[in-house]
Amino acid sequence: MSASPVRYHLDQFPPKDLDWKSLLPLIGPAHDALGRYDGLLSAIPNAHVLLSPLTTQEAVLSSRIEGTQVTIGEVLEIEAGGQRLHFSQPKRDDAEEVLNYRKTVRACTAEMKHRSISQHLLRSAHSMLMQGVRGRDKTPGSYRTDQNWIGPSGCTIEASHFVPISPLQLQSGMDQWERFLQSREEPDLLVQLAVLHVEFEALHPFKDGNGRLGRMLIPLFLFERRMIGSPDFYMSGYLEAKREEYIERLSAVSRRGEWTAWCAFFLKGITRQAAANERKAREILGLYDRMKTEVADLIHSQHAIRTVDFLFRRPVFTATAFATDAQIPRATANRFVAVLREHGILIAQYPGSGQRAGVYQFHELIAIADQTDSLDES
């Protein structure tokens with residue numbers, strides 16, 4: 001006989017008995033690693049542009065945890081207008097979910113210049129996240145009014161793995177979550193964030209998109225509390241690499257009240273992911289510095305820096321988009337593409353022909369973003 005599903009931990013939030021003694025050895029390294037990463041970010045004058053591929057990769061990995069099957073290269077090619085026959089509709093749907101994730105992070109960042117994270121902001125984010133994609137018929141931006149459950153596709157509630165809070169208690173649960181979110185009296189911000197994330201996932205307030213929104217909350221909270229200077233922190237690599245443990249740790253909070261074990265898992269993730277993010281950011285910065293010299297030497301133009309910035313912002317593109325976005329004359333843009341292809345900086349996904357625009361890729365940058373980091377314990 002199958003085990004009964006785990007049910008939401010009613011009246012157990014926020015936790016009152018965290019084992020701080022066991023968490024203290026993990027808190028310092030997590031703050032230090034995050035501080036080193038933020039120090040690098042603050043030294044990059046245009047971090048948002050340079051790290052744009054990492055933002056897209058974060059969206060890819062966060063969506064992959066929910067079952068999408070699309071790569072960063074495919075997402076960027078579809079965004080660029082790629083018309084490859086092998087891009088099935090499901091693949092395009094996956095890419096749209098990723099692009100919505102990235103767009104939503106940017107919109108939230110802009111909104112947070114004027115207001116703090118709140119239920120209102122999250123509902124707006126959810127509405128944008130679900131716009132035009134699977135789940136758009138599941139009341140985007142509104143809390144669910146029915147009982148949901150998590151388990152194999154099509155399973156009954158009795159055969160599910162987890163049953164979130166009742167819809168009758170959901171609003172009070174979210175109100176309590178928001179009070180904890182806005183509290184300035186918690187002993188440690190990273191532990192506070194760990195608790196916020198697991199509680200949001202346990203409440204599962206929306207019909208769809210809860211996982212992606214809950215993971216999006218991580219960089220937004222770090223940004224709001226000024227632990228990082230921009231919301232360019234990418235946690236989904238760690239959570240994707242340890243997906244089974246991630247899901248088990250989330251469930252164990254409700255099953256056995258294992259808040260401390262969850263917080264320890266999360267703090268280790270911050271430490272390892274911050275180090276991985278720092279390494280990738282350094283590689284990208286090194287590539288940028290090298291490209292500034294190489295591209296200038298190759299194209300001999302006042303548009304060299306503008307060209308390099310465009311490649312980092314749009315590493316998969318059409319020649320038409322290059323000319324328009326970088327504000328370079330069309331004939332000049334075409335010449336630049338030809339020169340950069342000749343010297344191996346760009347490769348053609350497929351060349352233009354007739355009415356079809358060619359699509360080109362700055363492959364070295366995408367390769368850095370797409371690297372799989374070793375996030376195992378050491």
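The values are calculated or read from the model by the stated rules, or taken from the named source; none is laboratory data. As the structure is a prediction and not an experimental result, all values here were calculated from the model. Heads up, the Cβs are rebuilt from the backbone with ideal geometry, glycines too, and the neighbour counts pull from every protein chain shown.
Residue by residue, here is whether (1) surrounded by fewer than 19 Cβ atoms within 10 Å (Cβ to Cβ); (2) in contact with an Asp or Glu (Cβ under 8 Å, 6 or more places away or on another chain); (3) modelled with pLDDT of 85 or more holds:
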{"position": "L51", "(1), (2), (3)": "no, yes, no"}
{"position": "Q57", "(1), (2), (3)": "no, yes, yes"}
{"position": "S63", "(1), (2), (3)": "no, yes, no"}
{"position": "L85", "(1), (2), (3)": "yes, no, no"}
{"position": "E111", "(1), (2), (3)": "yes, no, yes"}
{"position": "R115", "(1), (2), (3)": "yes, no, yes"}
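Scanning region 223-238 for residues that are among the aliphatic types (A, V, I, L, M) and farther than 20 Å from L129 by Cα returns M227, I228.
Is it the case that E97 is assigned by TED's automatic domain parsing to the domain that holds G209, in contact (Cβ under 8 Å) with a residue 24 or more places away in the chain and under 24 Å from M235 (Cα atoms)? Break it down into steps so the answer makes sense when it comes.
Values: assigned by TED's automatic domain parsing to the domain that holds G209: yes; in contact (Cβ under 8 Å) with a residue 24 or more places away in the chain: yes; under 24 Å from M235 (Cα atoms): yes.
Judged against the criteria, E97 is a match.
Taking K268 as the residue in question, decide whether it is surrounded by fewer than 20 Cβ atoms within 10 Å (Cβ to Cβ) and either at pLDDT 95 or above or within 17 Å of the chain's Cα centre (by Cα) (or both). Yes; evaluated as a whole, the condition is true for this residue. Under the condition of being over 17 Å from L181 (Cβ atoms), of a type in the set (D, E, K, R) and at pLDDT 90 or above, the residues counted in region 117-144 number 1.
If the requirement is being aliphatic (A, V, I, L, M), in contact (Cβ under 8 Å) with a residue 24 or more places away in the chain and either part of a helix (DSSP H, G or I) or more than 29 Å from T320 (Cβ to Cβ) (or both), which of these qualifies: L24, L54? After applying the criteria, what remains is L54. On the basis of being closer than 23 Å to T68 by Cβ, assigned to a helix (DSSP H, G or I) and of a type in the set (A, V, I, L, M), does L239 make the cut? Yes: the conditions hold for L239.
The set of residues in region 1-49 being under 30 Å from I72 (Cα atoms), of a type in the set (D, E, K, R) and surrounded by fewer than 19 Cβ atoms within 10 Å (Cβ to Cβ) consists of D32, R36.
Listed conditions (1) modelled with pLDDT under 95; (2) over 30 Å from the mean Cα position of the chain (by Cα); (3) part of a helix (DSSP H, G or I); (4) not aliphatic (A, V, I, L, M) are all met by T320, apart from (2). Residues that are part of a loop (DSSP other than H, G, I, E, B) and under 19 Å from K280 (Cβ atoms) occur in region 61-78; there is at least one. Of the residues in region 122-140, not one is in contact with a Pro (Cβ under 8 Å, 6 or more places away or on another chain), assigned by TED's automatic domain parsing to the domain that holds G209 and under 18 Å from L10 (Cβ atoms). Would you call R249 over 19 Å from E58 (Cβ atoms) and among the charged types (D, E, K, R)? The answer is yes for R249.
What single numbered condition from (1) outside any helix (DSSP H, G or I); (2) without any contact (Cβ under 8 Å) to a residue 24 or more places away in the chain fails to hold for S230? Of everything listed in (1) outside any helix (DSSP H, G or I); (2) without any contact (Cβ under 8 Å) to a residue 24 or more places away in the chain, S230 misses just condition (2).
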